[in-house]
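Let me begin by presenting the structure, written as structure tokens, before commenting on it.
The values are calculated or read from the model by the stated rules, or taken from the named source; none is laboratory data. As the structure is a computational prediction, the values presented were derived from the model and not from experiment. Note: ideal-geometry Cβ built from the backbone for every residue, glycine included; neighbour counts use all protein chains shown. Note: accessible area is taken over every heavy atom of the protein model, side chains too, but ligands, DNA and RNA are not part of it. Shrake-Rupley method; radii C 1.70, N 1.55, O 1.52, S 1.80 Å.
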Amino acid sequence: MEIDLRPGFCVFAIILAALDRAGSLLPIACAMLLHELGHMAAMLACGADIRRLTLRFADLRIDAAGLGYRQELLCALTGPLVNLACGLLCRRAGVFAACSLVLGIYNLLPVLPLDGGRAIHCALLCRFPPARADALSRAVSFAACGALLAAGIWLCFVRKSGLWPLGTAAYFTIRLIWLQKQENPPCNSPMHVL
């Protein structure tokens, strides 16, 4: 298995370290590592050939071959489920539990290329031809981004929660749209996680 460490990953690590005043870098890194190990364990259990890990800015890509749609659906869900389990079982580990829960919930958003979007795409591919599954997956992704922005606007202006919900929603939406335009991976292609 080849490991490809991109400069963006180093920049991301430096930014996290610079912004880490509460000592949460290690719990975040542990939550991310367990997430990826969950994906890889499921892939290996399904008989996949893991060929490459690419670490980029706030992103890790696992290139694997040999998975059918149902197997990839299972592998896509395993990472977030590991995070949710860690968050619930390790409640006394404060920051780690919170990071695990946030990472798990974020990755379950039904937006390609996140795990939730990949799972929906794979489920649709089990039922529809690839072109129809792709179109439906994109529609779900953009609807989810719209709902995320609407929630940010509602929290910001109706609930008077300040600008952070809208800023966070805008950041996630822009990032998700950018990732989708950059890759928009179909199932049975390299798995894009985190």
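May I ask you to list pairs of residues, at least six apart or on different chains, whose Cβ atoms are under 9 Å apart, with the first in the range 149-177 being assigned to a loop (DSSP other than H, G, I, E, B) and the second being open to solvent by less than 40 Å² (accessible area, probe 1.4 Å)?
What qualifies is Arg159/Pro165; Gly162/Cys156; Leu163/Cys156.
Across the range 108-151, which residue is nearest to Leu74 (Cα to Cα) among those that are open to solvent by 60 Å² or more (accessible area, probe 1.4 Å) and among the charged types (D, E, K, R)?
Among them, the one singled out is Arg127.
What do you reckon, is Asp134 of a type in the set (D, E, K, R) and within 17 Å of the chain's Cα centre (by Cα)?
So Asp134 fails the test.
Looking at the range 4-31 only, could you name the residues that are closer than 13 Å to Phe57 by Cβ and touching a helix residue (DSSP H, G or I) at 6+ places or on another chain (Cβ under 8 Å)?
Leu16
Of the residues that make up the range 89-106, is at least one assigned to a helix (DSSP H, G or I), open to solvent by 20 Å² or more (accessible area, probe 1.4 Å), more than 30 Å from Leu25 (Cα to Cα) and free of Cβ contacts under 8 Å to residues at least 12 places away in the same chain?
Checking the range 89-106: not a single residue is assigned to a helix (DSSP H, G or I), open to solvent by 20 Å² or more (accessible area, probe 1.4 Å), more than 30 Å from Leu25 (Cα to Cα) and free of Cβ contacts under 8 Å to residues at least 12 places away in the same chain.
Scan the range 1-54 residue by residue and report those that are buried (at least 16 other Cβ atoms within 10 Å of the Cβ), of a type in the set (Gly, Ala, Ser) and farther than 18 Å from Leu103 by Cβ.
Correct list: Ala48 only.
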